[in-house]
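Participant: First the structure, then my questions, so here it is.
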């Protein structure tokens with residue numbers, strides 16, 4: 001497939017790439033730091049860690065609920081302004097979460113962070129689709145690598161930060177969580193500089209294909225109003241498009257597998273004799289190696305392999321995880337292989353949201369729909385995995401669940417790997 005050129009290919013794109021990368025840095029750092037601090041937070045708030053166990057699921061649920069609204073927000077404000085305000089909201093939520101006043105601020109701040117991240121998660125693939133043309137696979141790989149890599153770094157740094165001696169005592173978990181948002185102001189500044197003057201005019205310069213969704217043409221009287229109506233209809237029609245559902249199901253299945261492994265890999269490791277510290281390092285390695293998986297995707301996604309790659313990736317992940325469970329004495333190589341597959345899986349999922357749409361408005365709607373469905377599906381995965389473990393007393397039944405989800409991802413991957421586009425059946 002030859003990816004279309006965009007209006008941005010005629011102007012320098014280095015600053016915009018830097019802005020996209022800085023936004024990506026903040027898409028996971030503010031949430032992955034919560035898990036390692038749960039025991040500290042619980043002790044400080046006088047509750048059990050189990051009472052705060054659902055805190056890690058809050059962003060997933062909020063993403064599922066808020067993601068469909070991001071497309072409408074981009075229509076009303078423009079793509080650049082919507083991302084700008086999502087960064088402002090992310091900064092506010094990060095501060096809110098660390099304010100004193102009991103667990104209420106912690107929960108509400110986390111939910112606000114989840115809503116801000118939902119907008120960024122949805123709109124960044126649309127920005128990449130619109131502004132990077134033939135560079136989409138490369139930019140999406142870098143973007144996804146930063147999502148996973150900085151998320152892992154954040155999880156590894158928050159505990160040491162919380163124990164830093166400040167003279168009158170340790171900094172504690174509120175400062176550690178606040179530090180996870182340290183790059184948000186930088187990202188906001190660079191984003192504003194990179195997108196200044198490129199807003200609605202750039203979007204209007206991309207001609208839409210003729211068809212039932214494109215009344216009128218650029219430059220005609222009343223075109224902005226008609227464009228708003230057209231994008232609104234796109235946001236509704238996306239839910240009836242079979243290609244969109246294939247992308248959404250692929251996103252949901254790969255997210256389910258990732259969160260099952262990220263949540264339960266450490267308990268599986270400790271049950272086989274690994275220490276908690278060693279198991280934690282293995283989980284961090286799994287996520288760090290995913291960076292390489294994201295970066296090699298553009299190399300793999302070419303030629304005949306483009307058609308089959310989406311179906312091959314879940315085989316790699318499912319097979320490697322089966323070896324982790326069944327061959328515990330030699331788990332590390334399989335953890336590394338699974339991490340490579342995990343990074344490639346997320347990267348190709350996000351890439352489909354960009355390349356399975358012919359225009360920026362459709363990419364925005366597809367991203368919102370796919371991430372909404374995807375994260376609502378993913379929110380059930382870790383709980384189902386744990387329930388099967390409690391029911392069976394071993395890891396075989398949960399492994400069977402993960403392999404079943406991998407098989408479903410393979411089947412959906414065969415469908416989404418075909419070069420089809422949303423709304424093509426309407427043209």
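The values are calculated or read from the model by the stated rules, or taken from the named source; none is laboratory data. Because the structure is predicted, anything quoted here is derived from the model rather than measured. Glycine gets a Cβ as well: all are built from the backbone with ideal geometry, and neighbour counts include every protein chain shown.
Participant: Could you say which residue among 116, 152 is assigned by TED's automatic domain parsing to the domain that holds residue 179 and without any contact (Cβ under 8 Å) to a residue 40 or more places away in the chain?
Facilitator: Selected residue: 116, the only one of 116, 152 that is assigned by TED's automatic domain parsing to the domain that holds residue 179 and without any contact (Cβ under 8 Å) to a residue 40 or more places away in the chain.
Participant: Filter the range 59-79 down to the residues that are surrounded by fewer than 20 Cβ atoms within 10 Å (Cβ to Cβ) and part of a helix (DSSP H, G or I) and list them by number. Before you say what the answer is, go through the steps one by one.
Facilitator: Within the range 59-79, the first condition is being surrounded by fewer than 20 Cβ atoms within 10 Å (Cβ to Cβ), and the residues that meet it are 61, 65, 68-69, 72, 76-78.
If the condition is that a residue be surrounded by fewer than 20 Cβ atoms within 10 Å (Cβ to Cβ) and part of a helix (DSSP H, G or I), then 61, 65, 68, 69, 72, 76, 77 are the ones that fit.
Participant: What about residue 302, is it in a loop (DSSP other than H, G, I, E, B) and either buried (at least 20 other Cβ atoms within 10 Å of the Cβ) or assigned by TED's automatic domain parsing to the domain that holds residue 418 (or both)?
Facilitator: It is true that residue 302 is in a loop (DSSP other than H, G, I, E, B) and either buried (at least 20 other Cβ atoms within 10 Å of the Cβ) or assigned by TED's automatic domain parsing to the domain that holds residue 418 (or both).
Participant: Those residues that are modelled with pLDDT under 90, outside any helix (DSSP H, G or I) and surrounded by 13 or more Cβ atoms within 10 Å (Cβ to Cβ), I need them from the range 183-198; list them, please.
Facilitator: Once the filter is applied, which keeps residues that are modelled with pLDDT under 90, outside any helix (DSSP H, G or I) and surrounded by 13 or more Cβ atoms within 10 Å (Cβ to Cβ), the range 183-198 yields only 198.
Participant: Scan 370, 322 and give me the residue that is within 14 Å of residue 253 (Cβ to Cβ) and touching a helix residue (DSSP H, G or I) at 6+ places or on another chain (Cβ under 7 Å).
Facilitator: Working: 322 fails: within 14 Å of residue 253 (Cβ to Cβ).
Answer to the selection: 370.
Residue-by-condition table, conditions (1) modelled with pLDDT under 90; (2) part of a helix (DSSP H, G or I); (3) more than 29 Å from residue 128 (Cβ to Cβ):
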| position | (1), (2), (3) |
| --- | --- |
| 369 | yes, yes, no |
| 376 | yes, yes, no |
| 383 | yes, yes, yes |
| 412 | no, yes, no |
| 415 | no, yes, no |
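Participant: Here is a further query. Would it be correct to say that residue 262 is in the same structural domain as residue 408 (by TED's automatic domain parsing), closer than 22 Å to residue 402 by Cβ, in a helix (DSSP H, G or I) and within 23 Å of the chain's Cα centre (by Cα)?
Facilitator: yes
Participant: Tally the residues that are at pLDDT below 85 and either part of a helix (DSSP H, G or I) or closer than 23 Å to residue 183 by Cβ (or both), restricting the search to the range 80-103.
Facilitator: 1
Participant: Anything in the range 395-409 that is over 14 Å from residue 322 (Cβ atoms) and either in contact with a strand residue (DSSP E or B) (Cβ under 6 Å, 6 or more places away or on another chain) or surrounded by fewer than 20 Cβ atoms within 10 Å (Cβ to Cβ) (or both)? List them, or say none.
Facilitator: The answer is 408, and nothing else.
Participant: Answer with yes or no whether residue 357 is outside any helix (DSSP H, G or I), more than 16 Å from residue 291 (Cα to Cα), assigned by TED's automatic domain parsing to the domain that holds residue 405 and within 20 Å of the chain's Cα centre (by Cα). Can you show your working first?
Facilitator: Numbers: outside any helix (DSSP H, G or I): yes; more than 16 Å from residue 291 (Cα to Cα): yes; assigned by TED's automatic domain parsing to the domain that holds residue 405: yes; within 20 Å of the chain's Cα centre (by Cα): yes.
Spelling it out, residue 357 is indeed outside any helix (DSSP H, G or I), more than 16 Å from residue 291 (Cα to Cα), assigned by TED's automatic domain parsing to the domain that holds residue 405 and within 20 Å of the chain's Cα centre (by Cα).
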